[in-house]
Amino acid sequence: MSENGFGQLEHHAGADAALAQLIKLKQEARKASQSERERIEFCNRLRCITLLESLFSASVFKSGWIPVEAVLGSIVPILQSRKAITKSIQAASSTSAKKSLNEKNAMVDRLSVLIKDKISKFRCNDDDEAGKVALQAASDISEELNRSLNLEQSSCCSVALITAVRCIPNAEGCEEVKQIYFNAANDWRSRKGTKIHACVFEDLIHRMPSLATVVLVEPLVSAAKSAHSSFLKCEALRLVSAIYRQELPKSGDESENSLSEAAHEAMKACCSDVVSALKEALNDAATQKSKNKDEVLNAAKNIAAYCKSHSGSLPSSDLNSLKDAVKVFRNNCKSKGLQKSCNHLADVLSDLAKEAGESTGETKQAKTPKSSKKKKSKK
């Protein structure tokens with residue numbers, strides 16, 4: 001007993017352990033409750049996605065009652081929601097947080113389908129007001145594209161951007177659209193930490209080939225010459241090759257995939273620059289070590305096929321210089337298969353150069369020399 005008549009309290013070590021265990025149990029219970037509330041919330045959000053899928057269906061778009069502002073205005077919030085959920089999936093580490101991963105992954109997948117398979121089918125009438133809304137939406141989506149988390153998010157932004165661009169009247173002549181893709185290509189080729197992926201350009205080539213030809217040929221050729229790595233140079237040549245590989249539309253075909261006159265002119269105007277980029281790549285020692293060096297040779301084949309079907313696209317000097325570069329590439333190859341392909345391509349380029357020379361009068365026909373001897377007259 002102390003002087004005041006009260007007993008002195010003694011510290012018990014077991015109480016600390018019990019208190020710590022109690023606190024831990026409460027924390028786990030709180031986390032489990034929070035995780036369960038989060039799971040229920042995502043289940044409800046999944047039901048909302050089902051409603052959005054019904055709203056953004058082909059039949060509703062065909063009816064025309066849903067305004068362009070409602071469709072294009074919903075794209076950026078959907079992209080931001082998808083990115084936020086992806087971040088939460090990447091940050092999930094505790095056991096309780098992982099319980100809602102199935103719902104989160106399902107929601108990410110459903111949002112991707114909503115953008116790529118539902119909203120991407122939207123078409124609007126060509127009017128000035130809709131064009132202004134679409135142009136603003138394209139600008140906002142391009143900003144989201146520059147902040148993409150990964151390849152999948154970049155792919156969704158790419159399809160969403162094409163959806164907005166489709167609603168712009170005369171997109172091929174729109175300087176703002178050209179600037180959006182020019183900036184994307186410039187960022188892709190120059191910055192190591194870029195958020196832009198090659199799928200941005202692939203999607204445009206496959207979905208809107210005519211527009212892709214007009215806005216992408218020049219920046220991609222520049223990327224093939226000045227990208228910061230051999231891999232990106234080969235990727236740029238692969239994309240350029242995809243543009244020149246496109247089949248020409250049949251006569252009278254006015255579908256969306258038909259190439260416009262501006263597209264044909266852009267391909268022809270950049271043909272010499274493409275050959276220049278190919279020659280640099282074929283003569284570059286780093287290309288020989290690149291894993292996708294086959295893409296360079298395939299690009300040369302597609303350019304040769306284009307020149308074969310479009311006579312006069314290249315002068316004989318360009319064709320001969322490309323042939324010489326192919327031979328240099330062949331001599332540095334160890335694969336017999338590549339060497340055989342190079343020989344065949346060199347023969348094709350040689351024939352094309354001869355045809356180009358004959359058509360422009362560069363090749364002079366050898367004249368048979370006349371005999372200076374006079375025939376003796378018979379006596």
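The values are calculated or read from the model by the stated rules, or taken from the named source; none is laboratory data. Nothing here was measured: the structure is a model prediction, and the numbers come from that model. Because the Cβ atoms are built from the backbone with ideal geometry, glycine has one as well, and the counts that use them run over all protein chains shown. These accessible areas exclude ligands, DNA and RNA; they are computed on the full protein's heavy atoms, side chains included. Shrake-Rupley method; radii C 1.70, N 1.55, O 1.52, S 1.80 Å.
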- Query: If you take the beta carbon distance between LYS340 and ASN170 as r and set R0 to 45 Å, what does 1/(1 + (r/R0)^6) give as a FRET efficiency, to the nearest 0.05?
  - Reply: 0.45
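How much net charge surrounds HIS228 when only other residues with a Cβ under 10 Å from its Cβ are counted (Lys, Arg +1; Asp, Glu -1)? Mind showing how you got there, number by number?
Details: positive: ARG189, ARG191, LYS192, LYS233; negative: none.
Once positives and negatives cancel, what remains is +4.
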- Hey, what do the phi angles of region 197-204 turn into as Karplus ³J(HN,Hα) couplings, whole Hz, using 6.51/-1.76/1.60 and θ = phi - 60°, x for Gly and Pro? 10, 4, 4, 4, 7, 4, 4, 5
- Message: Along the Cα→Cβ direction, 7 angstrom out, place labels at SER350 and ASP187. What is the inter-label distance in nm?
- Response: 4.8 nm
- Using +1 at the Cβ of each Lys and Arg and -1 at the Cβ of each Asp and Glu in region 31-85, identify which of GLN34, SER63, ILE49 lies farthest towards the dipole's positive end. GLN34
- Query: At a probe radius of 1.4 Å, what is the per-residue accessible area of HIS310, in Å² to the nearest 10?
  - Reply: 50 Å²
- Inter-label distance for GLN288 and SER88, nm, one decimal - labels placed 7 Å from Cα along Cα-to-Cβ: 5.4 nm
- Note on the structure: In nm, the gap between the two label points placed 7 Å beyond Cα toward Cβ at LYS121 and ALA20 is 6.0 nm
- Amide H contacts under 5 Å for ARG147, restricted to residues at least 5 apart in sequence or on another chain and with H modeled in the peptide plane, are none
- Loop-only check: which trypsin sites (Lys or Arg not before Pro) in region 183-244 are DSSP coil with at most 11 other Cβ within 10 angstrom? ARG191, LYS192
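Gain in length, LYS225 to CYS48, computed as 0.36 nm per residue apart minus the alpha-carbon separation, to one decimal in nm?
Values: separation 177, 0.36 × 177 = 63.72 nm, distance 4.77 nm.
Here the segment from LYS225 to CYS48 would lengthen by 59.0 nm.
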